[in-house]
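The values are calculated or read from the model by the stated rules, or taken from the named source; none is laboratory data. Quick caveat, the model's predicted, so the values are computed rather than measured. Positions of Cβ are backbone-derived with ideal geometry, glycine not excepted, and every protein chain shown enters the neighbour counts. Keep in mind that these areas ignore ligands, DNA and RNA; they rest on the heavy atoms of the full protein, side chains included. Shrake-Rupley method; radii C 1.70, N 1.55, O 1.52, S 1.80 Å.
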Amino acid sequence: MASVSVAASRRTSWKATTLVGKAVLYLIIITGAVVIMFPFYWMVTTSLKPPDEVVTYPIKWAPSRLVWANYPRAITSLPVSVLVFLKNSIVLSTLVMVGTVISSAVVAYPFARLRFRGRRPLFFLILATMMIPGQVTMIPLFIIFSKLRWVNTFLPLIVPAYFGEAYYIFLLRQFFATIPREMDDAAKIDGCGPFGLFFRIIAPLARPALGVTAIFSFSGMWNAFMGPLIYLNKMEKFPLALGLRAFQAGPGSRAIRWESMMAVSVLMTVPVLVLFFIAQRSYIQGIVITGVKG
Amino acid sequence: MGVTEPVRAGIPRRAGQEARRGGFAGRRLTLLQQEELVSWLFVLPWIFGFVAFIAGPMLYSLYLSLTEASMLRPPVYVGLLNYRNLFSFDEVTSLFWKTLYNTSYYVFISVPLGIVVGFAIALMLNQDVVGRGVWRTIYYLPSIIPGVAVSLLWILIFNKEFGVLNNVLAVVGIEGPAWLYEERWAKPALIIMSLWGAGGPMLIFLAGLQGIPTELFDAAKVDGAGLWPRFRHITIPMVSPTIFFVLITGIIGSFQVFTNTYVMTQGGPNNSTMMYVLYLFNLAFQQFRMGYASALAWIYFIIIMFFTVLIFRSSAAWVYYEAGIAGGE
């Protein structure tokens, strides 16, 4: 009895048991998947269509021939090369990633492993900051940064990342807390202080969680739009997200060049997708960690 | 000093450690004090960041909201004037109510819909389906795409003539609207687009479903409970903490929707998609009315806090925490 039910119901509340039920289930899943994937298909095929097949009625479901030249043309069609945007995105995202991982791990560590007065209220304060909408600080920060003459540099986008971010501090603390205490004791007996404990024991053991933080923060900056929009107005400084927008209203493109825009969209999406597939396991694990706590 | 000094069995540990600590800080610290010192050292970056990038700016913003401030002139104190103007029902001087309505419409339809759809997908993909991992990845993929790319893609999809959506509708004989260009359809269009990202909540729900102990279902089956009772009395209560998490983060996130409307509609047609944050952005960074925009930001802060607290308060009534799991802090 027990073995049957365990085999039959692995962690599900309900089951499509009948043949009809199964068929309906697969039908829904496949239909959904087609609907979900279609916009991707549209993005890629539009980027490869001959320009006169992009805006037609009735629509062309598939390009009559693949125009790879759309890509080099898209890259060079603005006054600033798309490769410059790409470089900016890489620089910005990498520097933000490094800062976020290091600072958030450092801040998270004592909350998970050490005892100090004010630990609970301070941690609560950190969590509370997650609920402050960025709009409240946006205006004063802009004024401050413009007085520092940081506007049109990457500094306003990068520097704050080096002081720890609540979301990642929370995520990392949750992970650090799962590392067995015996590790600390063993290290302490060997003469390891709190510093050594962090750098030699906790940080190396938490590599998956640090990896998740790295991926999240990297793709966070990669996709960021509002921050760059506020602080950057010279095109040479644009990351891809802003550069992509420039195709909409940019000089030299009287009519909207959809195939160019979709080509750059593809270029912008591919790195995040690759990152996702490389790190899929830890990526999803990270979401699980943050999700479970509720 | 301490580094070269191995802990020898013969020497009492206490003495050895005290000597080391004496060298470290110039005076004797107990282990606990040392731990405390190190803790604050580690937390220091966040405290500095909090003062410089959160608390300080918030106070500054509160002050700005009481002034007539622009980038060009120094702020002039005007008391509560900004707040008074903000609440006026005159649409020429203030879009406050309009944008609040638009944003609420968007948030309170798209978030529950996203939760229901995400949960339904999670239930389906939690079964023994062939190629489960592949399906999960497919459904999750839209959540990774950069917001600007998504927005541009959907402008193309929503187009009246050459858009995919209306061409599909035409197959079944429906003449689609101009979506983003029609006051009636622009907000629903944004909501449809947001559902494309339901894979985000799905992933979190999958995690929640995996956490339900199988024995609960087995016991219920032995007692003869059917599909619906099992779903209603086991699945729902057991994932309620997950629903709570998705609801809170979803509402906070959706209230701050910006990129879509900035890229896709610029708030049009006739301000029907003018969201609160977009309005705030326009006031601050296009009209440079920093004081007025700060007042708007503070009201928003209060509104978001209100809903967050409301949901937190209500959670006692509907979120089920298993004893032992909840106390695990």
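Would you check if there is a residue in region B:77-95 being at pLDDT below 90 and farther than 18 Å from B:Leu296 by Cβ? Checking region B:77-95: not a single residue is at pLDDT below 90 and farther than 18 Å from B:Leu296 by Cβ. One residue alone among B:Pro241, B:Pro229, B:Pro201 is within 20 Å of A:Met131 (Cα to Cα), part of a helix (DSSP H, G or I), of a type outside the set (A, V, I, L, M, F, W, C) and at pLDDT below 90, and that residue is B:Pro241.
Remark: B:Arg184 matches the filter, which requires a residue to be open to solvent by 10 Å² or more (accessible area, probe 1.4 Å) and modelled with pLDDT of 90 or more.
Considered as a group, the residues in region A:25-52 that are more than 26 Å from A:Tyr71 (Cα to Cα) and more than 10 Å from chain B (Cβ to nearest Cβ) include one that is most open to solvent (accessible area, probe 1.4 Å), and that residue is A:Leu27. Contact map, region A:109-135: residues that are over 22 Å from B:Ile299 (Cα atoms) paired with residues that are of a type in the set (S, T, N, Q), Cβ distance under 7 Å, separation 6+ or inter-chain. Pairs shown: A:Pro110/B:Ser39; A:Leu114/B:Ser39; A:Phe116/B:Ser39.
Restricting the first residue to region A:73-96 and requiring it to be under 14 Å from A:Leu244 (Cα atoms), which pairs with a second residue that is of a type in the set (Val, Ile, Thr) and open to solvent by 50 Å² or more (accessible area, probe 1.4 Å) meet a Cβ separation below 8 Å and a spacing of at least six or different chains? As it stands, the answer is A:Val82/A:Thr76, since those pairs meet every condition given. Just so you know, in region B:126-140 the residues that are assigned to a helix (DSSP H, G or I) and at the interface with chain A (Cβ under 7 Å from one of its Cβ atoms) include one that is surrounded by the most Cβ atoms within 10 Å (Cβ to Cβ), and it is B:Tyr139. So, A:Val55, is that one surrounded by 11 or more Cβ atoms within 10 Å (Cβ to Cβ), within 31 Å of the chain's Cα centre (by Cα) and of a type in the set (A, V, I, L, M, F, W, C) or not? Answer is no for this residue.
With respect to B:Gly114, determine if the residue is within 28 Å of A:Phe277 (Cα to Cα), small (Gly, Ala, Ser) and open to solvent by less than 40 Å² (accessible area, probe 1.4 Å). So B:Gly114 fits the description; yes.
Of all residues in region B:259-280, none are at pLDDT below 90 and open to solvent by less than 10 Å² (accessible area, probe 1.4 Å). Of all the numbered requirements in (1) open to solvent by less than 50 Å² (accessible area, probe 1.4 Å); (2) part of a helix (DSSP H, G or I), B:Val168 misses one, and that requirement is (1). For the residues A:Val159, A:Val84, A:Val151, the requirement of being open to solvent by 30 Å² or more (accessible area, probe 1.4 Å) and within 10 Å of chain B (Cβ to nearest Cβ) singles out A:Val159. Checking each residue in region B:113-137 for being of a type in the set (A, V, I, L, M) and in contact (Cβ under 8 Å) with a residue 60 or more places away in the chain picks out B:Leu113, B:Ile115, B:Val117, B:Ile121, B:Ala122, B:Leu123, B:Leu125. Of the helices (runs of 4 or more DSSP H) that lie entirely inside region A:176-253, those containing 2 or more residues that are buried (at least 21 other Cβ atoms within 10 Å of the Cβ) and β-branched (Val, Ile, Thr) span A:207-223. Of the helices (runs of 4 or more DSSP H) contained entirely in region B:1-76, those carrying at least 1 residues that are at pLDDT 90 or above fall at B:31-49, B:56-64. Look through region A:58-79, keep the residues that are among the aromatic types (Phe, Trp, Tyr) and part of a loop (DSSP other than H, G, I, E, B), and return whichever of them is most open to solvent (accessible area, probe 1.4 Å). Ranking the qualifying residues of region A:58-79, first place goes to A:Trp68.
When the residues of region B:242-258 are filtered to those that are in contact (Cβ under 8 Å) with a residue 12 or more places away in the chain and of a type in the set (S, T, N, Q), the one that is most open to solvent (accessible area, probe 1.4 Å) is B:Gln256.
The requirement of being more than 9 Å from chain A (Cβ to nearest Cβ), more than 25 Å from the chain's Cα centre (by Cα), buried (at least 16 other Cβ atoms within 10 Å of the Cβ) and of a type in the set (Gly, Ala, Ser) is satisfied by B:Ala178. The single residue among B:Ala207, B:Ala189, B:Ala220 that is at the interface with another protein chain (Cβ under 8 Å from one of its Cβ atoms) and outside any loop (DSSP other than H, G, I, E, B) turns out to be B:Ala207. The number of residues in region B:69-85 that are in contact (Cβ under 8 Å) with a residue 24 or more places away in the chain and within 14 Å of chain A (Cβ to nearest Cβ) comes to 6. Residues of region A:188-243 that are of a type in the set (A, V, I, L, M, F, W, C), modelled with pLDDT of 90 or more and over 23 Å from the mean Cα position of the chain (by Cα): A:Met235 alone. Look at region B:70-97 and say how many of its residues are over 27 Å from B:Thr273 (Cα atoms) and open to solvent by less than 20 Å² (accessible area, probe 1.4 Å). Selection size over region B:70-97: 1.
Restricting to region B:223-241, give me the number of residues that are more than 8 Å from chain A (Cβ to nearest Cβ), among the aliphatic types (A, V, I, L, M) and open to solvent by 20 Å² or more (accessible area, probe 1.4 Å). Qualifying residue count for the region: 3.
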